[in-house]
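Here's the structure we're looking at; comments come further down.
The values are calculated or read from the model by the stated rules, or taken from the named source; none is laboratory data. Please read these numbers as outputs of a predicted model, since none were measured by experiment. Cβ sites come from the backbone with ideal geometry, for glycine too, and all protein chains shown count toward neighbours. Accessible surface is based on the protein model in full, side chains and every heavy atom, while ligands, DNA and RNA are left aside. Shrake-Rupley method; radii C 1.70, N 1.55, O 1.52, S 1.80 Å.
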Amino acid sequence: MSKNLVILESPGKVKAVSKYLGPSYNVIASNGHVIDLPAKELGVDIENDFKPTYKVIDNAGQASKILKRIETIAKESEKILIATDPDREGEAIGWHISNRLKSSTNRIVRVTFNEITKKGIDAGLKNEGSIDKNLVDAQQARRIMDRLVGYKISPFLWKAISNGLSAGRVQSVALRIICERDSEVNNFNPEEYWTVKADFSTSKEQFSAELVKISDKDFRIANKSEADKIITEIRKSKYSVMNINKTKIKKSPMAPFITSTLLQASVNRLGFSSKKTMQIAQNLYEGIELGTKGVVGLITYMRTDSTRVSNEAVDEVRDYISKKFGVDFVTPSARKYKSKKNIQDAHEAIRPADINLEPKKLQPYLSKEQFKLYQLIWTRFVATQMKEAVFEQTVIDIGCEKFKFRISGRKNVFKGYQQVFMDSDFGVDKEDEDSNTRLPRNIDVGMMVTLREVEPEEHFTKPPARFNEASLTKELEEQEIGRPSTYATIIDRLIYQKYIEKTEKKLISTELGNIVNNILVENFGEIFNIKFTKKMEASLDKIEYGEAAMSDILNKFYKPFEKTLEAVSKKTLEIKKNTELPAGGLCPKCGKGSLIFKWGKNGKFIACSNFPSCKYTASLDQKKGTGTEKDGDVKTLPRKEFGKCPKCGKGTLVERSGKFGRKFIACDMYPKCKYVHTEHISINCPVEGCGGIIKDKTTKKGRLFYGCSNFPKCTFASWNKPVEKKCPSCGYGVLEEINDQKTGTVKYFCPNCKKDFDSLKI
C-alpha cells in the first residue's frame, strides 16, 4: 500500500513527526530553502514585471539530492502533505517544492503544525488547505526588494570603500538607528541639577523625605547656589504631616511571548544573544528526547507576532493554576490580550505545548540553557491566566506653607501571578519587590514633626542608553521595521560585517559602520529611513492579505530607487575620495604620493595615494596611532599585547595576521625573533576507532587547515573549522563551520552525510 508523504522544513522535526504519524507516512525534510534566486546574478527581470528566475540552490549538490528524493517518493505516494513552517518563508518553500511536483498537483495539500505534539499534528491534519499564493507573493516581493537593494547598492559600497561590504533594505536602517543613538550619546552635554532631602523626626522615630513642591509648584534647582538659598529658607520653617494617602495598586501579568518580546526577555533575564535564543527555541519547538516518552515538542512555533492563544490551551492552563496554586489565584474569566495591528496571525503566541510538563520535571532532559529558556516561556504563559498582584502604596506629605516634602513606599498584599515567578528560578522583578523605604508608623495627619537635617545633592542629566540586543529589538518592533523572525539575523549580520560590535552587552557602531551609514544616508536617505521601510513592510502585508498586487508594489518601490541610483553612480569617485582621509606625510616608497587611510578586508590601513602605480601599504598600530610597514606577507593588527616573548626575552607578543587572514600571536621583534604561538583548537576526531585529536595545522605555504593527530593512519582533514556539534541528520560527531561571506551568515556542513544546515537549526 502506498504511503502519504509529509515534507517538513527542518530535519530536526522528522523524528518527532514520524513518531506521531506512524508507519503509513514517509516524513522527510527540505533542510530549508532548496530553490531561490541565483547566488551570482541578479535573477530579477526588471523589465518584465520583476519576474524572478529561480534555481536549485548550489550547496555542493545537497539541494538537488533532496529534491530528487522528494520527487521519487512523491510519485509513489497517495497524498503529498506540504508541512513546512507556518510563515511566509515556509509557504514559499512549500510553493517551490509543489511546483517541482507538477505531475502530482492533484495529490498535494498544505498542512501546518503549530506545535510538534500529537495534538498539534492531529489539528494540522484535520485542517488541510492549499498553498496560500498571497503569502508566497509577500515573500517573493520581500526577497526581490532585498535582492535589488543588495545587488544595486553593495557594489557601490565596494567602489566607494572596500570589497565585501553590504547594504540591506532593513539591515541598513537598523544600522542607522544604532549610529544615530551613538551620535546622540557621544554629543550629549550633561546638565547640572540639584535635589533636596531632609531628615524629620517625631518623639518615637526618624525618617527622610524629598522636596517635591515649592509654593505648590514643580521646580528645578540649577546649581548649588540656588540649592543653598532654598535650604536656608527651609530651615526657618516649622513642619507637620499634611497628608497620608494609602491606595491599593493592581499589576497585571504581561502578554504571552511573541518573538520580539521573547528576544528582549531572554537578553535581559538570561543574558542570551538574540541568535542564541532563536537556536534554543528552535530546539524546543522541534522536540527534545524525554526518556520513555521519546521526542516531544515542548513549545509552539517560535516565529510569531500574535498574542492569540487557543481556547483549549487557555482552559488547560486555568485548570492547572486552580490545582497548583488554588482557585484564588486564577482569574474569574479568561484573560485575553490584544495583538498589534498589521500582524501575521497564522499561529499562536509562544507557549508550552503541554502545560503539565513543568520545567523542574524536564530539567534532567534539558541542557542548562534549554531549561532556562523553557522555564521563562512556561512561567510567562502560566502567569497570563493568574490574578493581578496587589500592592498597598503609602504616600506621606510633610510640609509648611511654602515647602512640601514627600516619602512613599509600598508592600505586596497579594502575590497573584507573581507567585509562579517566585516558585521558579527567576523570582519577581526588583520593581515588584516590597519598598525598602522606611515609612514612619506612629504618625497622623496634623502631627508636628521636627526638621533635623536638610542637605542638597548634585546630579547631572544622563544621555539616552546605548542599544543592546533587547532594546534594539524593541525599537525595531515599535517602528515596524522588519519582522520578528529577522531581528536575530539583522543583529548577527551587522556584527559579522563589523559595522557594529558588542561591548559589555551594548551594540556600538564602529568607525566603518559610521562611514557606511553616513554614505548611505547622504546618498540613499529616502530609502534607508524608518518611514520608508515601515511603509514597505505595510505594503508586504497588503500583498499577504490580497489587498495589493506584487508587481504594483515593486514598481512603486523601484522607480524612485532607480533614479537615485543613476544620480549617485555619477559621483562615486567623489564619494570615494571623501573616505580616503590624509594620514600625513609622503609615501616612503615612491616619495611622490601622499599617505591616506583606506579600508580593506582586515580593516583600516595606510596606503599610497598613487595606487595602483605605487602599492605601498602599512597597517595601523592602535597603541601608537602610527602605521607599521608591510613586511612580506605578515602585517600587524590593531595592537594587542600578550606579555614578553618566551624565546628572546626582549620582544613583546602581539596579535598578527597572515596573508590568508589567519590570526596568530608572535614576537614583535620579527624577523630577528621568529617565535610564533598559535591558538589551537583541540577536539576529538569523529572517525570511529581513531581516538586522535583534531588540531589546526598549516601547509608548507602557510595556509591553515585542520587534521588528525594520528595522521597518516587517520586521514581526516578539512579546510573549514571543525566544531563539536552532532549532525541532526546522521548523528556524526563533528560539523564544519562555514562563514558565508556574501550573506554574513554561519552555516554548518556535515562531512559524513554531505548536508548543509542553517546555524539557527543546529
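Please compute the modelled spin-label separation between LYS197 and LYS647, points set 7 Å along Cα→Cβ, answer in nm with one decimal.
6.0
What GluC sites (Glu not before Pro) in the range 198-237 are in a loop by DSSP, with at most 11 other Cβ atoms within 10 Å of the Cβ?
Those that pass, being in a loop and sparsely packed, number zero.
I'd like to verify something in the chain: which complete DSSP H helices, judged by Cα projection on the helix axis, reach 24 Å or more and average at least -0.5 on the Kyte-Doolittle scale?
Long hydrophobic helices here: 133-160, 550-569.
Counting only residues 5 or more places away or on other chains, whose amide H sits under 5 Å from the amide H of VAL212 once H atoms are built in the peptide plane?
Under 5 Å from the amide H of VAL212: LYS404, PHE405, ARG406.
Taking all protein chains in place and a 1.4 Å probe, what share, in percent, of the accessible surface of the chain do carbon and sulfur account for?
So the carbon and sulfur contribution to the accessible surface is 48 percent.
Starting from 0.36 nm per residue, how many nanometres of slack lie between ASP228 and TYR675 once their C-alpha separation is accounted for?
Length gained between ASP228 and TYR675: 154.4 nm.
Could you work out the local net charge near HIS459, counting Lys and Arg as +1, Asp and Glu as -1, over the other residues with Cβ closer than 10 Å to its Cβ?
Once all neighbours under 10 Å are counted, the net charge is -3.
Test of understanding: what is the full-extension gain from ASP146 to THR292, defined as 0.36 nm times their sequence separation minus their Cα-Cα distance?
Taking ASP146 through THR292 to full extension adds about 47.9 nm, to one decimal.
Report the label-to-label distance for GLU453 and TYR545 in nanometres (one decimal), using points 7 Å from each Cα along the Cα→Cβ vector.
Modelled inter-label distance: 6.2 nm.
Tell me which trypsin sites (Lys or Arg not before Pro) from the range 157-230 have a DSSP coil assignment and no more than 15 other beta carbons within 10 Å of their own.
LYS204, ARG220
Hey, any idea what Rg/Rh is for the chain, computing Rh the Kirkwood way over Cα pairs?
Computed over Cα atoms, the ratio is 1.02.
Ratio to report: Rg/Rh of the range 1-147, with Cα atoms as the point set and Rh obtained by the Kirkwood method; give two decimals.
That ratio equals 0.98.
Might you report the magnitude of the Cβ-based charge dipole of the range 1-139 about its Cα centre, with Lys and Arg at +1 and Asp and Glu at -1, to the nearest 20 debye?
780
Would you please give the residues with an amide H less than 5 Å from that of VAL413, counting only those at least 5 places away or on a separate chain, with H modeled from the backbone geometry?
Counting only residues 5 or more places away or on other chains, the set is VAL390, PHE391, GLU392.
Solvent-accessible area per residue for the chain at a 1.4 Å probe radius, Å²?
Counting only protein heavy atoms, the per-residue value for the chain is 51 Å².
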